[in-house]
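Following: one structure in structure tokens, then a few remarks.
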Amino acid sequence: MTENKLPIRGIISFAAYILLYPIVLFSNAGTTRWGMAWAYLGISTLTTIGSRLLVHRKNPDLLRERGSAQSAKDVKVWDRKLVPIAAIYGPLAAMILAGVDFRYSWTDAIPLWGQVLALGVGTLGFIFSTWAMLENRFFSSMVRIQTERGHTVCKTGPYKIVRHPGYAGGLLWYLVTPLVLNSLWAYIPTLVALIASVIRTALEDKTLRAELPGYEEFTRETRYRLIPGIW
């Protein structure tokens, strides 16, 4: 593999991620005539692809890291267990329930303005996460100390606001998803994914404090982990 090429496994995983959720959502809904679902998927797809293109332009080595991180030997054991729950099974289950909910109208209609507002808030969360990814060239998809890449603490951009802006933005997107898709039942797996993400954030913070030089000092500069002024 040359330096300019991305790992094939990472490319396949990314393509599967983009395609899987629309298939699951619409197949369970039994129809593609669902305007807010198209809006949700459209923004999700555009922001996801757009963020990767921006990262590839600024830090192409980060995409290679993210694409191959799962096979790295120094990934924390607990992260291999939490990532599937937080990033795959939880969101996928939410798509299934939201689709079935739409088909059988389990949830009373949420006003359109509420769905649009939720989508707007979630988009801001996505943008916040993208900002973090662009700012931090060590924004790996798995928790590990990237010694071979000269891992250092990122203190700029959104990292002046919270220590884990990527998680903060992602959690905001998770929180609004059931509202955008008009499915309160989808909050069941969403909350499971949220809990797994929060636990992951706490363990990552503990790991960085113990193993990444300068991070302990950074925690005194940026006091809050996820929510500015609160936590």
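Average projected area of the Cα convex hull of the range 8-221, in nm²?
It is 11.6 nm².
Please order ASP61, ASP79 by the number of other Cβ within 10 Å, starting at the fewest.
Listing ASP61, ASP79 from fewest to most nearby Cβ atoms yields ASP61, ASP79.
Would you list which lysines come within 19 Å of LYS155, measuring only between C-alpha atoms, while excluding same-chain residues fewer than 8 positions from it?
LYS58, LYS206
With unit charges on the beta carbon (Lys/Arg positive, Asp/Glu negative), name the residue among THR156, ILE96, LEU53 whose Cα is farthest towards the positive pole of the charge dipole of the range 8-221.
Of the listed residues, the answer is LEU53.
Over all distinct Cα pairs, what is the inverse of the mean 1/r for the range 9-121, reported as the Kirkwood hydrodynamic radius in Å?
16.2 Å
Report the residue, chosen from PRO178, PRO91, PRO60, that carries the largest GNM mean-square fluctuation when the chain is represented by alpha-carbon nodes joined by springs under 10 Å.
PRO60
From the backbone phi of the range 96-104, what are the Karplus-calculated ³J(HN,Hα) couplings (6.51 cos²θ - 1.76 cosθ + 1.60, θ = phi - 60°) in whole Hz, Gly and Pro given as x?
For the range 96-104, the Karplus curve yields 4, 5, 5, x, 5, 4, 5, 5, 10 Hz.
Between ARG149 and ILE195, what is the FRET efficiency for a Förster distance of 41 Å, r being their Cβ-Cβ separation, to the nearest 0.05?
My answer for the efficiency is 0.85.
Starting from 0 in steps of 5 Å, tell me what percent of the Cα-Cα pairs of the range 57-108 lands in each bin.
Going out from 0 Å in 5 Å bins, the range 57-108 shows 4, 16, 15, 15, 13, 12, 9, 8, 7, 1 percent.
Once you have the Cα-Cα distance between ARG80 and ILE127, take 0.36 nm times their residue separation minus that, and quote the gain in nm to one decimal.
14.3 nm
Considering Cα pairs under 8 angstrom that are at least six residues apart, work out the relative contact order of the range 8-221 and quote it in whole percent.
Normalised by residue count, the contact order of the range 8-221 is 29 percent.
Mean-square fluctuation check for the chain, GNM, Cα pairs under 10 Å: which of LEU20, LEU119, LEU184 is largest?
Judging by the Gaussian network model, the answer is LEU20.
Mind pulling the angle between the C-alpha long axis of helix 112-135 and the longest principal axis of the chain? Nearest 10 degrees, somewhere in 0 to 90.
20 degrees
State the extension gain, in nm to one decimal, for the chain segment bounded by LEU203 and TYR17, taking 0.36 nm per residue of separation less the distance between their alpha-carbons.
64.4 nm
Eigenvalues of the Cα gyration tensor times 5, then square-rooted: what semi-axes does that give for the range 124-223, in whole angstrom, largest first?
After diagonalising the Cα gyration tensor, the semi-axes are 27, 14, 12 Å.
Only the coordinates and a few stated rules stand behind these numbers; no lab work does. Model, not experiment: these values are computed from the prediction. Cβ: placed from backbone, ideal geometry, glycine included. Neighbour counts: every protein chain shown.
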